[in-house]
1. Scan the stretch 95-114 residue by residue and report those that are in contact with a helix residue (DSSP H, G or I) (Cβ under 7 Å, 6 or more places away or on another chain), aliphatic (A, V, I, L, M) and open to solvent by 10 Å² or more (accessible area, probe 1.4 Å).
2. Name every residue in the stretch 74-99 that is without any contact (Cβ under 8 Å) to a residue 12 or more places away in the chain and under 18 Å from the mean Cα position of the chain (by Cα), in order of residue number.
3. For the stretch 106-136, how many residues are within 21 Å of Ser55 (Cα to Cα) and either assigned to a helix (DSSP H, G or I) or hydroxyl-bearing (Ser, Thr, Tyr) (or both)?
4. Would you mind stating whether Arg130 is under 17 Å from the mean Cα position of the chain (by Cα), of a type outside the set (A, V, I, L, M, F, W, C) and closer than 16 Å to Arg17 by Cβ?
5. Sort out which residues of the stretch 97-152 are among the acidic types (Asp, Glu) and over 11 Å from Ala77 (Cα atoms), and write them in order of number.
6. If you go through the stretch 115-132 one residue at a time, do you hit one that is closer than 25 Å to Val46 by Cα, open to solvent by 60 Å² or more (accessible area, probe 1.4 Å) and at pLDDT 95 or above?
7. Show me the strands (runs of 3 or more DSSP E) found entirely inside the stretch 1-94 where at least 2 residues are open to solvent by 40 Å² or more (accessible area, probe 1.4 Å).
8. Within the stretch 66-93, which residues are modelled with pLDDT of 95 or more and over 19 Å from Lys138 (Cβ atoms)?
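The values are calculated or read from the model by the stated rules, or taken from the named source; none is laboratory data. Here the structure is a predicted model, which is why all the values come from computation and not from measurement. Glycine gets a Cβ as well: all are built from the backbone with ideal geometry, and neighbour counts include every protein chain shown. Each accessible area value is taken on the protein alone, full model and side chains, heavy atoms only, with ligands, DNA and RNA left out. Shrake-Rupley method; radii C 1.70, N 1.55, O 1.52, S 1.80 Å.
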Amino acid sequence: MSTSAPTVTAPNAPNARIAIIDTLWNREIVAALTQGAVDTLLAHEVKQENIHIVSVPGAVELTYAAARLMATGKYDAIILNGCVVRGGTPHFDYVCQSVTQGMTQLNLLGEIPVIFGVLTVDNEQQALDRAGGCLGNKGSECAEAALHMLAL
């Protein structure tokens, strides 16, 4: 049994308006995720002027920003990019739980898709592997997920 995701071409979306909200925390990693998302959106004909990037301090702030942008009615989908690296305290669990529950709640509103692009890793190498390293770019995968959800 294969553990890799199926290869399915995302649809083009020339009129899509996409917000990418990323974190300033773990900036090098998160910037690579956001660049991967932008590159993928552009490759699927999303216009540069229809891609809006907003940065927030950390992962917990992602869902607040997403709710605010969702309320404007200006976007067709929102991608949340961040990176939370496990440390020696329970803080990792609280942050991951907060972001996951917040994103799920926003999706249940059903207004627009909110895509989870937050890496939750044990160490920095795992994050680098997923931000353009040997495991690809999860930001790119999130952009493809947003395009698929828009086609729903």
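1. As a first pass, look at the stretch 95-114 and keep what is in contact with a helix residue (DSSP H, G or I) (Cβ under 7 Å, 6 or more places away or on another chain): 99, 102-103, 106, 111-114.
Restricting the remaining residues to those that are aliphatic (A, V, I, L, M) gives 99, 103, 106, 112, 114.
The answer is Met103, Leu106, Ile112.
2. Let us first name the residues in the stretch 74-99 that are without any contact (Cβ under 8 Å) to a residue 12 or more places away in the chain, namely 87-91, 93-94, 97.
Matches in the stretch 74-99: Gln97 only.
3. Total meeting the criteria: 7.
4. no
5. Going through the stretch 97-152, the residues among the acidic types (Asp, Glu) turn out to be 111, 122, 124, 129, 141, 144.
Result: Asp122, Glu124, Asp129, Glu141, Glu144.
6. Step one: of the stretch 115-132, the residues closer than 25 Å to Val46 by Cα are 115-119, 130-132.
After this cut, where a residue has to be open to solvent by 60 Å² or more (accessible area, probe 1.4 Å) as well, the list is 116, 130.
Subsequent filtering for residues that are at pLDDT 95 or above retains 116, 130.
Checked the stretch 115-132: at least one residue is closer than 25 Å to Val46 by Cα, open to solvent by 60 Å² or more (accessible area, probe 1.4 Å) and at pLDDT 95 or above.
7. By residue number, 51-56.
8. Selection gives Ala67, Arg68, Leu69, Met70, Ala71, Thr72, Gly73, Lys74, Tyr75, Asp76.
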